[in-house]
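A.B. asks: What follows is a single structure, and I will ask about it in a moment.
The values are calculated or read from the model by the stated rules, or taken from the named source; none is laboratory data. Keep in mind the model is a prediction, meaning the values are calculated, not measured. No Cβ is skipped: glycine too gets one built from the backbone with ideal geometry, and neighbour counts run over all protein chains shown.
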Amino acid sequence: MYNTIKMLHSGWAYLVLFILVVATLNAIVKSMAGKEYSAKDFRISLFTLIVSHIQLLLGIVFYFVSDYMSVISNMGMGAVMKDSILRSNIIEHPLTMIIAIALITIGYSKHKKKLTSKAKFRMIAVFYTLALILILAKIPWQVWIG
């Protein structure tokens, strides 16, 4: 089960990253160009929300099927915090990803309340860009690519 969840979590991350980049660029470009907000734009932002939430659920399952809990109980939180790799995997990565997905959710929710196309695109652009920055900062690149 561990290997399956790890594979799903890592593989799905490519989709999340791709659609988040697409949604962010779509919002930025169309906002700057003064384009009208369309059903296609809505679907792109909604799909981004959905795939990111699925990734969060996969990450939560992965967190609990991994040996992270036993590492914390055996070593203690102090030792985990002193080890940069463990701290990144057990604390920083999950927390940062939760914040990033919260930003995606907030941006999606706020954009629906806006009345003009420009305001809708700006909400998505701002919140999705912040989420993208956080995700890019905390992807474990050495594990993910290597």
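A quick yes/no check of all residues on (1) without any contact (Cβ under 8 Å) to a residue 24 or more places away in the chain; (2) at positive phi; (3) in a helix (DSSP H, G or I):
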residue: Ile72; (1), (2), (3): yes, no, yes
residue: His93; (1), (2), (3): no, no, yes
residue: Ile99; (1), (2), (3): no, no, yes
residue: Leu115; (1), (2), (3): yes, no, no
residue: Phe127; (1), (2), (3): no, no, yes
residue: Ile133; (1), (2), (3): yes, no, yes
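A.B. asks: Could you list all residues from region 89-128 that are hydroxyl-bearing (Ser, Thr, Tyr) and either under 11 Å from the mean Cα position of the chain (by Cα) or exposed (fewer than 15 other Cβ atoms within 10 Å of the Cβ) (or both)?
C.D. replies: Start the filter on region 89-128 by keeping residues that are hydroxyl-bearing (Ser, Thr, Tyr), which leaves 96, 105, 108-109, 116-117, 128.
Selection gives Thr96, Thr105, Ser109, Thr116, Tyr128.
A.B. asks: Being aromatic (Phe, Trp, Tyr) and over 19 Å from Leu46 (Cβ atoms) is the filter; apply it to region 95-146 and report the residue that is modelled with the highest pLDDT. I'd like the intermediate steps shown before the answer.
C.D. replies: Residues of region 95-146 aromatic (Phe, Trp, Tyr): 108, 121, 127-128, 141, 144.
Now drop any that are not over 19 Å from Leu46 (Cβ atoms), which leaves 141, 144.
Working: Trp141: 74, Trp144: 62.
Looking at the filtered set, the residue picked out is Trp141.
A.B. asks: Something else: Scan Tyr63, Tyr2, Tyr37 and give me the residue that is loosely packed, with under 14 Cβ neighbours inside 10 Å and either closer than 21 Å to Ala125 by Cβ or in contact with a helix residue (DSSP H, G or I) (Cβ under 9 Å, 6 or more places away or on another chain) (or both).
C.D. replies: Details: Tyr63 fails: loosely packed, with under 14 Cβ neighbours inside 10 Å; Tyr37 fails: loosely packed, with under 14 Cβ neighbours inside 10 Å.
Of the residues listed, the single one that is loosely packed, with under 14 Cβ neighbours inside 10 Å and either closer than 21 Å to Ala125 by Cβ or in contact with a helix residue (DSSP H, G or I) (Cβ under 9 Å, 6 or more places away or on another chain) (or both) is Tyr2.
A.B. asks: List every residue pair whose Cβ atoms lie under 6 Å apart, where the two residues are 6 or more positions apart in sequence or sit on different chains, the first residue falls within region 35-63 and is in contact (Cβ under 8 Å) with a residue 60 or more places away in the chain and part of a helix (DSSP H, G or I), and the second residue, located anywhere, is among the small types (Gly, Ala, Ser) and surrounded by 15 or more Cβ atoms within 10 Å (Cβ to Cβ).
C.D. replies: Ser45/Ala23; Thr48/Ala23
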